[in-house]
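Report on the structure given below.
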Amino acid sequence: MPIRVLDAATVGRIAAGEVVERPSSVVKELMENAIDAGSTAITVEIKGGGIDYLRVTDNGCGIEPNQVRLAFENHATSKLQSAEQLDDIRTLGFRGEALPSIASVSHVEMTTRARGQDTGVRLNIDGGANLRVKETGCPEGTTFVMKDLFYNLPVRRAFLKKPNYEGGLVGDVVARMIMGNPDIAVRYINNGNNVYHSFGDGKLRHAVFAIYGKQTAEQMVAVDACEGGTRIHGLIGVGEQAKATRAHQAFFINGRAVRCALLSRALEEVCRSRVTIGMYPMCALNLVVPPTSVNVNVHPNKLEVRFKDEAAMRGVAERLLSSAFEGERVLRLGPDRPSNVSVERVATVREITPVALAEEKAAAAPATAPEPRPAAPVAPPTIQPGVPSVAEYAPAPNPRASFEGRPVQKREKPIQMDVFQRVVREELQKLGESRGSALREDRLSDMVPSAKAAPVDQGPLEAPPANDSFVLPAPEPRQPKPVYRIIGVVLNTYILIEADDSLVLIDQHAAHERLQYEKFMAQLEAGRGSQQLLTPMILRLSAREIALIMDNIEVLKDAGYDVEPFGETDIQVRAVPFILGKADLKPAFMDTVNALNRIRNATVDLRRAEVMQMACKSAVKGGDPLSRDEIEALIRQMLETGAPPTCPHGRPVMKSLSRRELEKMFKRIQ
């Protein structure tokens, strides 16, 4: 067959097939262009799933009138000037194929006005041909309207899904763009309905609130950690925020939304015991790395990236993500109890013009109030040197002590000495009169040693005589009140605690299982996870297996095995992990040896699974009765142990009902 050069229309359709798969890919390309144009507000509107109608409006820098036609030429871009920049990509779009590819498979109308220009330009193009340009009036920025996607490619159009499904994919793209760019106000409209409207205030938690709602946004865990030239910041959802699929994991690398299996594996490793088995943590995480350490030009749609050193990057990612859970406790009560982060209400931008945006931000900014004048300092009561202070005379607070049946009122301010003497004198006189006996002046002098030296209504107090040795007993030290009260146990399984105006329910099996798991894992990590065999186990192996073992002696040692050569064809095993202390050890050891050939850390997964099973078997079961001392010991260990508030399988250890939730439950409040 003869070789022919393809015509421009065919080349355009082939390129469009690489860039434009469906409406969601069009939205991704256009939103990335809007972000690179410096937009602070973007509106996305679709009808019929984006197949019939799709509009993206931004308030970015716009396109100069003399460059509008050039924007629809193949491989035309403003984001690259030389080939060297391909190794240092700092923008979201750089291929220069988005606009011509979209225009070759649909009807396109673009209206744009560059900043500083008096008028704008309107461009129309149908299927990559019949381009028309004329001057028009429009606001600064760019509006891109696409109609009838794949109208000239009926086969491609037939492979699109139903409009509801395609609209859902567009919503997913917009949601990721919102979380990846919280400083941009984004509105998403589907068939006339406002689906998303982000605040654009730069707060990621508010962006997540616009997507998932208030409860999810408040309960996600924040992370922001750096190591070398790598930084990870964002939010992680574990526990009840875990999802059945990975669809709610949003990863961004230098601001670019990507699918990243490396980050997903690192996240799931860190959150392994914080989500239920079979569930996946949700997240919105941005990885910031030097542009030269990552290649973003490995996928036609720029959805995947490749790192120069993936193993090192995964280790760094796991360490940084682990910092989000530092300081965890199985149980927190009292003042250390964590509280959900509240989501603030923020005024949103209704108009997509820079003037309206500035007005909205100015209205939302709090008015600057004049600084209050500092109050004049209050002079302390005049007390001569050597005179005991009121605190030395005042008895220790005792709610049961009373005069004539009235409880002693706690005073917020220090009492001057003359006032104190007057109160004591009056109360003692009343007490004596009620008993029918007069109090003598010398008795008052004995109880209040300064009564003789200075009458209550005369000048400052004088120092008491040296021979006056009246001293009140020192107040007894107060015992700290417990931050919780044990109510009891329900169904011999759930421990009920009252703490901080909340009702806390603890699953005794899950709690004890977590404590046992942490204890066993600590022993393994400290190198105390091996047990010596009374009689070494002699194994005859092939030359290949012996060579493999000798090459991985340190790995086996870390796993808990003590292995030495025993002749030319045999080895002896002197110690095994304590979790493998069973009668038949050879199969387990050979499984470990075979795993070395596939992956070095296979023994870690094996040990973790064994420890989880061991912790589950050794923990108290649901239905086992516990004494009060055992319950208090369990709670005390939970308060002291640093670990996730879940069992090793990801089930929650405790649930809490606040006073407000209880009152709403019983209709005491609305």
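The values are calculated or read from the model by the stated rules, or taken from the named source; none is laboratory data. The structure displayed is predicted, hence computed values, not measured ones. Reconstructed Cβ throughout: ideal geometry from the backbone, glycine too, with neighbour counts over all protein chains shown.
Brief remarks on what is shown
- Any strands (runs of 3 or more DSSP E) falling wholly within the range 155-247 and containing at least 3 residues that are touching a Ser or Thr at 6+ places or on another chain (Cβ under 7 Å): 185-190
For (1) at pLDDT 80 or above; (2) on the phi > 0 side of the Ramachandran plot; (3) not assigned by TED's automatic domain parsing to the domain that holds GLN241, each residue gets a yes or a no:
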residue: PRO565; (1), (2), (3): yes, no, yes
residue: ARG598; (1), (2), (3): no, no, yes
residue: LEU626; (1), (2), (3): yes, no, yes
residue: ARG636; (1), (2), (3): yes, no, yes
residue: GLY650; (1), (2), (3): yes, yes, yes
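- Residue within the range 115-137 that is in contact with a Cys (Cβ under 7 Å, 6 or more places away or on another chain) and in the same structural domain as LEU70 (by TED's automatic domain parsing) present: yes
- Close pairs from the range 48-70: first under 11 Å from ARG113 (Cβ atoms) and assigned by TED's automatic domain parsing to the domain that holds ASP126, partner among the polar types (S, T, N, Q) and part of a strand (DSSP E or B), Cβ under 6 Å, at least 6 apart: GLY62/THR112; GLY62/THR142; ILE63/THR112
- Here ALA244 meets the list (1) closer than 22 Å to CYS647 by Cα; (2) touching a residue at least 40 places away in the same chain (Cβ under 8 Å); (3) surrounded by fewer than 18 Cβ atoms within 10 Å (Cβ to Cβ) almost entirely, failing just condition (2).
- Those residues of the range 636-670 which are touching a strand residue (DSSP E or B) at 6+ places or on another chain (Cβ under 7 Å) and either of a type in the set (Lys, Arg) or assigned to a loop (DSSP other than H, G, I, E, B) (or both), in sequence order: PRO645, VAL653, LYS655, ARG659
- Yes/no for GLY62 being within 30 Å of GLY192 (Cα to Cα), part of a helix (DSSP H, G or I) and at pLDDT 90 or above: no
- Of the residues making up the range 248-269, just one is surrounded by 21 or more Cβ atoms within 10 Å (Cβ to Cβ), part of a helix (DSSP H, G or I) and out of contact with any Phe, Trp or Tyr (no Cβ under 9 Å at 6 or more places or on another chain), namely ALA266.
- Qualifying residue in the range 204-220 (condition: out of contact with any His (no Cβ under 6 Å at 6 or more places or on another chain) and closer than 22 Å to ALA312 by Cα): no
- Note on the range 616-633: residues that are touching a helix residue (DSSP H, G or I) at 6+ places or on another chain (Cβ under 6 Å) and crowded, with 17+ Cβ neighbours inside 10 Å amount to 3.
- Taken together, the criteria exclude CYS226 from residues that are surrounded by 17 or more Cβ atoms within 10 Å (Cβ to Cβ), closer than 17 Å to ARG314 by Cα and not hydroxyl-bearing (Ser, Thr, Tyr).
- Pairs meeting the criteria (first residue in the range 531-544 and in contact (Cβ under 8 Å) with a residue 12 or more places away in the chain, second residue among the basic types (Lys, Arg) and part of a strand (DSSP E or B), beta carbons under 8 Å, at least 6 apart or on different chains) are GLN532/ARG574; LEU533/ARG574; PRO536/ARG574.
- Of all residues in the range 616-651, those that are touching a Lys or Arg at 6+ places or on another chain (Cβ under 8 Å), aliphatic (A, V, I, L, M) and over 15 Å from ARG332 (Cβ atoms) total 0.
- Check on LEU160, modelled with pLDDT under 90 and more than 19 Å from LEU70 (Cβ to Cβ): no
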